[in-house]
Amino acid sequence: MKQKKKHVIMGLSGGVDSAAAAFQLKEEGYEVIGVTFNFFNQKKMLNTAAMVADQLGITHHIVNAQPRFNQKVIQPFINGYKKGETPNPCMLCNQNLKFRLLMEIAENYDEALIATGHYAEIQKINDHYSLLASKNKDKDQSYFLYHLNQSILSRLILPLKRFESKNAVRKVIQTSLPFIANGPESQGICFIPRGNHSLFLKEALFGSRPVPQGNLVDYQGKILGKHRGAHGFTLGQTRGLGIENPLHLAVVDIIPKTNTVILGEEKALLTNEIIIEKVHLNLEKNQVDQGPLTFKTCRWGYDYPGTFKCLPNGEALVQSTIPVRAPTPGQALVFYRDRMVLGGGIIKKVDDSRI
């Protein structure tokens, strides 16, 4: 009797990585069901994903998720900037929407697995599933997946874990999907047209109203210049401040309540202690606390050596042995031991009443 193929619900975006992952799964004998989420009616992406599915001969569904995308990703992104944070929309999407939708769809199939085109690895030891950073450091995306729980990790396949470079990924689909294999890398924030980040936030926060002017000040409150909205700045920024800057000042704080941006010297951006909230651990607290670890404050960031300590209020203190530059509120901090992802959280904005 022929064994029934295992269903895999594949997040199919129409890009190189998800197309190669779908191809690889089919080659391994899985019954692949491609699912493309219509988050913001990007017709080109939807059509390309459908072409990929057709060429691979796999079932394909387009799932309308625009209302949920707006609620779970776009609005929290906007609200973060209102609070002086710099949220990561890809992280918001992964945490609050994408993997939840894949799991919901998988429930319609008997013991179906889920898959994405992320570069990371899952390792099972006894009954525990661990997330590992990809061996391909240039493409590693484990930073965006630190929040995945055991329920998801136990059903998740990451087919691109075996590839050592993006060129190797392109090569595997060169024959079957040539129109995708040579396509460009996706860049920028998917829901912001033409990558105009500042204009998107201006329209979201103020609509047709004029943006109120605010002050650029130093720590003593001395006005150094004017700006058109605190939403246009991020911690650590040194360019585009709108003033002559012979002292090479940087944005060291953002106070949305007063529409104030504080500028200071580089040393003001350095810290050895970071508080994170919304903490997710992949191991027990005592296992994370034991021994040294490394952490990142952004995907492409430096691997800082440090320690982790849970706080009574559900937050955590991360201490670095070397100063960290501009850990930005709203961004994720993810900690590792070797390649194993121990967990992470969101960098907390410290209340500041100096101005």
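The values are calculated or read from the model by the stated rules, or taken from the named source; none is laboratory data. Keep in mind it's a predicted model, so treat the numbers as computed, not measured. Please note: Cβ atoms are built from the backbone with ideal geometry, for glycine as well, and neighbour counts cover all protein chains shown. SASA here: full protein model, heavy atoms, side chains in, ligands and nucleic acids out. Shrake-Rupley method; radii C 1.70, N 1.55, O 1.52, S 1.80 Å.
Overview of values
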| item | result |
| --- | --- |
| D17 accessible area, assembled protein chains, probe 1.4 Å, Å² | 30 Å² |
| Amide H contacts under 5 Å for G14, placed H, 5+ residues apart | A19 |
| Radius of gyration, Dmax [region 1-145; alpha carbons; angstrom] | 16.4, 62 |
| I180, I322, ranked by accessible area, largest first (probe 1.4 Å) | I322, I180 |
| Karplus (6.51, -1.76, 1.60) ³J(HN,Hα), θ = phi - 60°, over region 108-120, in Hz, Gly and Pro reported as x | 7, 10, 5, 6, 5, 8, 10, 8, 9, x, 6, 9, 6 |
| Surface share of carbon and sulfur [accessible, 1.4 angstrom probe, percent] for region 222-355 | 52 percent |
| Nearest-20 debye value, region 256-348 charge dipole, Cβ charges on Lys, Arg, Asp, Glu | 180 debye |
| Accessible surface ranking that places the most exposed of M10, M340, M103 first, with a 1.4 angstrom probe | M340, M103, M10 |
| Charge sum, other residues only, whose C-beta stays under 14 Å from P210's C-beta, Lys/Arg counted +1 and Asp/Glu -1 | +3 |
| Rounded to 5, percent antiparallel among DSSP beta bridges of the chain | 70 percent |
| Three-way shape label, region 179-329, alpha-carbon gyration tensor, a/c 1.5 | oblate |
| Charge dipole (debye, nearest 20) of the chain; +1 at Cβ of Lys and Arg, -1 at Cβ of Asp and Glu | 620 debye |
| Cα-centre dipole for region 18-88 with unit charges at Cβ (Lys and Arg positive, Asp and Glu negative), debye to 20 | 520 debye |
| Residue-by-residue Karplus 3J(HN,Hα) for region 233-238, coefficients 6.51, -1.76, 1.60, Hz, glycine and proline x | 10, 9, 4, x, 4, 10 |
| Modelled FRET efficiency - R0 22 Å, E31 with D54, Cβ distances, 0.05 increments | 0.85 |
| Semi-axis lengths, Å, the chain, gyration tensor of Cα atoms, sqrt of 5 times eigenvalues | 39, 25, 17 |
| Relative contact order of the chain, defined on C-alpha pairs under 8 angstrom at six or more residues apart (%) | 15 percent |
| Residue-normalised accessible area of region 302-355, expressed per residue, 1.4 Å probe, Å² | 47 Å² |
| Among G240, T271, L281 the positive-end extreme of the charge dipole of region 219-302 (Cβ point charges) | G240 |
| Label point distance in nm, H128-K278, each placed 7 Å from Cα along Cα→Cβ | 2.6 nm |
| Contact order relative to length of region 242-296, as percent, for alpha carbon pairs under 8 angstrom and 6 or more apart | 22 percent |
| The chain - mean residue ellipticity at 222 nm from DSSP helices (-39,500 (n - 2.57) per run, n ≥ 4, rounded to 500) | -6000 deg cm²/dmol |
| Set of lysines near K226 by C-alpha distance (under 26 Å), chain-local residues within fewer than 8 positions excluded | K82, K83, K202, K257, K267, K349 |
| Tail fraction, Cα-Cα pairs, region 280-355, threshold 14 Å, whole percent | 60 percent |
| Of S142, L199, L158, farthest towards positive along the dipole that unit charges on Lys, Arg, Asp, Glu beta carbons give the chain | L199 |
| Cβ-defined net charge surrounding L199, 15 Å radius [Lys, Arg +1; Asp, Glu -1] | +3 |
| Cα gyration tensor shape for region 82-145, rounded if a/c is under 1.5, else prolate or oblate | oblate |
| Charge context of C93, other residues only, Cβ under 12 angstrom, K/R +1, D/E -1 | +4 |
